[in-house]
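Here the structure comes first, spelled out in structure tokens, and everything after it is commentary.
Since every read-out is calculated from the coordinates, none of them should be taken as a lab result. Everything numeric in this text was worked out from a predicted model, so none of it was measured. Glycine also receives a Cβ, built like all others from the backbone with ideal geometry; neighbour counts cover every protein chain displayed.
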Amino acid sequence: MDELWPAGSVTLKIDGRTCFVGLTRIFENGSFARPHQDSLRRDGPDLIIARSIKDQLAANIYLDKADAGGVLQLWSRRLPDDEYEAMKQAGGHGIDPESLGAPDAQIAPEVGDLILFRSSHLHAVSKIEGRPRVAASAFIGYWGAQEPLRFWS
Ligand SMILES: O=C(O)CCC(=O)C(=O)O
């Protein structure tokens, strides 16, 4: 990314401190992720840098796969923040999949895959069956064509 993007790429700094990149996420048997949208602006409402972010991608490298399930489901829709907050389950992360139509794309990741997707838009992970599904994950923030991409987890 640093070589390909004209303004390069850096690790996100918050209050002068460098963020961690490369969170490893393990989905155990029976777990799943409801449809959700990731937003630095929502997660860090007091962060000055979050106010000017224009979009957010996820970069996941899949290290192990479940026996079945664990499909990454992507919708091309992004709900406005107020609508998303209203639909979000109380105290939880994500919204009821029944309230959305079918996903626009579904990807069953293979071990070694790198998948980049627009995590500001609705996405979910279907229920894992059997062995845990493991991925190293990061977000990539887009602040505009003249700005470096910024990475964090
Ligand atoms: O593990 C995945 O495929 C996607 C996980 C997820 O919801 C995310 O990266 O925001």
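Using the beta-carbon distance between residue 68 and residue 43 and R0 = 30 Å, what value does 1/(1 + (r/R0)^6) give for FRET efficiency, to the nearest 0.05? Don't skip to the answer; put the middle values down first.
Working: r = 31 Å, r/R0 = 1.04.
The value I calculate is 0.45.
Pairs of Cα atoms under 8 Å, at least six residues apart: use those to get the relative contact order of region 10-96, whole percent.
Details: 42 pairs, mean separation 26.8, N = 87.
Averaging sequence separation for qualifying contacts and normalising by length gives 31 percent for region 10-96.
If every alpha-carbon in the chain counts as one equal scatterer, what log10 I(q)/I(0) does Debye give at q = 0.08, 0.12, 0.17, 0.20 1/Å?
The Cα Debye sum returns log10 ratios of -0.24, -0.54, -1.07, -1.37.
Over the chain, what is the relative contact order in percent, taking alpha-carbon pairs closer than 8 angstrom and at least six residues apart? Numbers along the way, then the final one.
Numbers: 344 pairs, mean separation 68.8, N = 153.
After rounding, I find 45 percent.
Compute the signed sum of charges (Lys and Arg +1, Asp and Glu -1) over the other residues within less than 14 Å, Cβ to Cβ, of residue 77.
On the way: positive: 78, 118; negative: 81, 83, 104.
Local charge sum for residue 77: -1.
Excluding residue 2 itself, what net charge comes from residues whose Cβ is under 15 Å from its Cβ, given Lys and Arg +1 and Asp and Glu -1?
Numbers: positive: 150; negative: 3, 147.
Local charge sum for residue 2: -1.
Given a Förster radius of 35 Å and the C-beta distance between residue 81 and residue 13 as r, what FRET efficiency does 1/(1 + (r/R0)^6) yield to the nearest 0.05? Don't skip to the answer; put the middle values down first.
Values: r = 25 Å, r/R0 = 0.70.
Calculated value: 0.90.
Give me the net charge of residue 129's neighbourhood, meaning all other residues with Cβ under 12 Å from the Cβ of residue 129; Lys, Arg count +1, Asp, Glu -1. Walk me through the intermediate numbers first.
Numbers: positive: 65, 127, 131, 133; negative: 28, 67.
Around residue 129, the charge tally is +2.
Taking the Cβ-Cβ separation of residue 23 and residue 104 as r and a Förster radius of 25 Å, what is the calculated FRET efficiency to the nearest 0.05?
On the way: r = 26 Å, r/R0 = 1.03.
FRET efficiency, residue 23 to residue 104: 0.45.
Kindly provide the helix-only [θ] at 222 nm of the chain, computed as the sum of -39,500 (n - 2.57) over DSSP H runs of four or more divided by all residues, to the nearest 500 deg cm²/dmol?
Values: 3 runs with 15 residues, N = 153.
So the calculated ellipticity at 222 nm is -2000 deg cm²/dmol.
Within the chain, what's the longest stretch lacking trypsin sites (Lys or Arg not before Pro) that sit in DSSP loops with no more than 16 other Cβ atoms inside 10 Å? Mind dumping the intermediate values first?
Details: sites that count: 54, 77, 78, 127.
The reported range is 1-53.
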